[in-house]
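The values are calculated or read from the model by the stated rules, or taken from the named source; none is laboratory data. The model shown is predicted, which means the values in this text are computed figures rather than measured ones. Don't worry about glycine lacking a Cβ; one is built from the backbone with ideal geometry, like all the others, and counts go over all protein chains shown.
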Amino acid sequence: MSSHHEPQEQELRRDRRIVLYGVGLVLLTGFLVFLPNLVPASTRQVVSDLAHARIVSVTPATNGAEPMAQVVVLDGKQAGMRVSALLQGPSSQLQLPDYRPGDQVVLSIDHQPGAPVTYTVIDRWRLPLLGGLAAAFVIAAAAIAGWRGLRAVVSLALTVGFTVRLLIPLLLLGWNPVVLAVVFGIAVTALSFLLTQGASRTTLAAVVGTSAGLLVTGILAAIVTAAAQFTSAQGSDQVVTLGQLVGNRIDLSGLLLAAVIFGGLGVLNDVAMSQAATVEEIASVDPSLGPRELFGRAMNVGVAHLAATINTLVFAYLGTALPLLVILSLQVSSVSVALNQEVIAVEVVRTLVGSLGILAAVPLTTAVAAAWQGRAAGTPEIAVAASGSEG
């Protein structure tokens with residue numbers, strides 16, 4: 001009798017999950033859409049705006065004159081206007097792209113107080129290419145991972161939405177960046193795991209493990225950064241520019257600590273979910289194992305996984321700092337002196353602190369998952385079900 005009703009019960013549970021996912025997605029999307037703009041009005045008084053434009057004609061540089069172009073603005077308040085614009089590139093005049101008539105570009109519109117409006121072509125328009133690449137990603141995720149892949153894409157989109165609509169405005173409002181990073185990281189992790197994996201002991205254990213790793217990363221980052229006596233900019237030109245724009249509204253040192261926390265979040269998610277899922281698989285193969293045995297066997301897998309995981313984090317930071325490392329190798333002959341420079345020391349701290357957070361997350365996640373799975377395996381309900389199936 002129970003075996004006859006089991007497929008119907010599974011189908012009913014699946015339908016309920018789909019309805020819950022749908023309702024949750026609608027609520028979250030509605031929250032993002034109707035959330036008021038939290039960015040302080042004082043920070044929105046920018047003197048420069050960006051617009052989509054198309055080049056009509058190009059006047060090359062001659063006799064010391066800078067290259068110019070006639071462009072048509074395609075969107076924004078000045079849509080349809082034809083203006084004269086200076087030609088530059090993403091790196092200003094260091095590398096000027098080969099602009100030609102018909103090219104779609106990004107136009108900078110500068111409104112300096114007491115001066116006429118100036119226009120500058122600063123880059124190519126790449127949105128169609130990026131949109132096509134994003135569509136290919138969604139199709140590949142659906143084709144390879146099916147429904148779970150689509151849920152992962154939805155989770156990614158929601159993460160980006162919450163970052164743009166909630167996290168950044170709260171930072172501009174002066175909220176503590178480190179606290180925001182930890183709370184936001186835990187919330188995004190829980191949302192992502194629930195959408196992609198569903199509600200289960202495994203999901204909850206992964207959330208707990210990620211949260212513990214985030215806390216360890218945040219505490220260590222604060223301690224080591226204070227001990228290293230980094231400046232508030234920590235060798236970042238972007239932070240210096242941000243300080244000029246927002247003044248004392250944002251704790252710049254805290255912002256960089258938050259960046260360290262976010263830098264390791266993706267790897268933490270991977271490690272925590274892998275360990276929780278490993279415990280679940282081992283428990284399903286041998287339900288008689290207790291928490292201690294589950295922990296030991298899962299840690300064998302986790303230790304093997306750790307080397308590759310830490311390498312992933314190291315190479316991620318190395319990829320961002322590679323041009324700087326090449327420049328330093330040409331300008332500085334002593335490795336010890338190069339490592340002591342703030343811009344390099346910051347990257348070393350980020351890598352090692354992030355790795356320590358990952359190292360802490362593996363045993364913590366494994367212990368939580370093993371305790372819950374081992375306790376579940378010993379419950380009378382499971383034992384009765386097992387004996388009934390054997391009969």
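Here region 222-241 is the region considered, the condition is being surrounded by 13 or more Cβ atoms within 10 Å (Cβ to Cβ) and modelled with pLDDT of 75 or more, and the residue that is farthest from Leu170 (Cα to Cα) is Ala228.
Looking at region 315-391, the helices (runs of 4 or more DSSP H) lying wholly inside it that each contain 2 or more residues that are more than 30 Å from Leu289 (Cα to Cα), modelled with pLDDT under 80 and out of contact with any Phe, Trp or Tyr (no Cβ under 8 Å at 6 or more places or on another chain) sit at 335-340, 342-377.
With respect to Val178, is the statement that it is among the β-branched types (Val, Ile, Thr), under 16 Å from the mean Cα position of the chain (by Cα) and surrounded by 18 or more Cβ atoms within 10 Å (Cβ to Cβ) true? For Val178, the condition - among the β-branched types (Val, Ile, Thr), under 16 Å from the mean Cα position of the chain (by Cα) and surrounded by 18 or more Cβ atoms within 10 Å (Cβ to Cβ) - is met.
Number of residues in region 151-180 that are in contact with a Gly (Cβ under 7 Å, 6 or more places away or on another chain) and either within 16 Å of Asn269 (Cα to Cα) or not in a helix (DSSP H, G or I) (or both) equals 1.
Total residues in region 80-95 satisfying the condition of being assigned to a loop (DSSP other than H, G, I, E, B) and more than 19 Å from Pro128 (Cα to Cα): the figure is 7. Among the residues of region 133-154, those that are under 19 Å from Ala199 (Cα atoms) and surrounded by 14 or more Cβ atoms within 10 Å (Cβ to Cβ) comprise Ala145, Arg148, Gly149, Leu150, Arg151, Ala152, Val153, Val154. Any chance region 71-79 includes a residue that's within 17 Å of Trp125 (Cβ to Cβ) and in contact (Cβ under 8 Å) with a residue 40 or more places away in the chain? Within region 71-79, one or more residues are within 17 Å of Trp125 (Cβ to Cβ) and in contact (Cβ under 8 Å) with a residue 40 or more places away in the chain. Of all positions in region 299-309, at least one carries a residue that is in a helix (DSSP H, G or I), among the polar types (S, T, N, Q), within 21 Å of the chain's Cα centre (by Cα) and modelled with pLDDT under 85.
Consider Gln244 carefully, then state whether it is modelled with pLDDT under 80, surrounded by fewer than 19 Cβ atoms within 10 Å (Cβ to Cβ) and within 20 Å of Val349 (Cβ to Cβ). No: the conditions fail for Gln244. The set of residues from region 195-205 being in a helix (DSSP H, G or I) and in contact (Cβ under 8 Å) with a residue 60 or more places away in the chain comprises Leu195, Gln197, Arg201, Thr202, Thr203, Leu204, Ala205. So the check is Cβ under 9 Å with 6+ separation or different chains; which pairs have a first residue in region 96-113 that's assigned to a loop (DSSP other than H, G, I, E, B) and a second one that's basic (Lys, Arg)? Sorted first by the residue in region 96-113, then by its partner, the pairs are Pro97/Arg124; Tyr99/Arg124; Pro101/Arg54; Gly102/Arg54; Asp103/Arg54; Asp103/Arg124. Which residue is surrounded by the most Cβ atoms within 10 Å (Cβ to Cβ), if the candidates are limited to region 66-90 and must be within 17 Å of Ser48 (Cβ to Cβ) and not hydrophobic (A, V, I, L, M, F, W, C)? Only one residue fits best here, namely Gln88.
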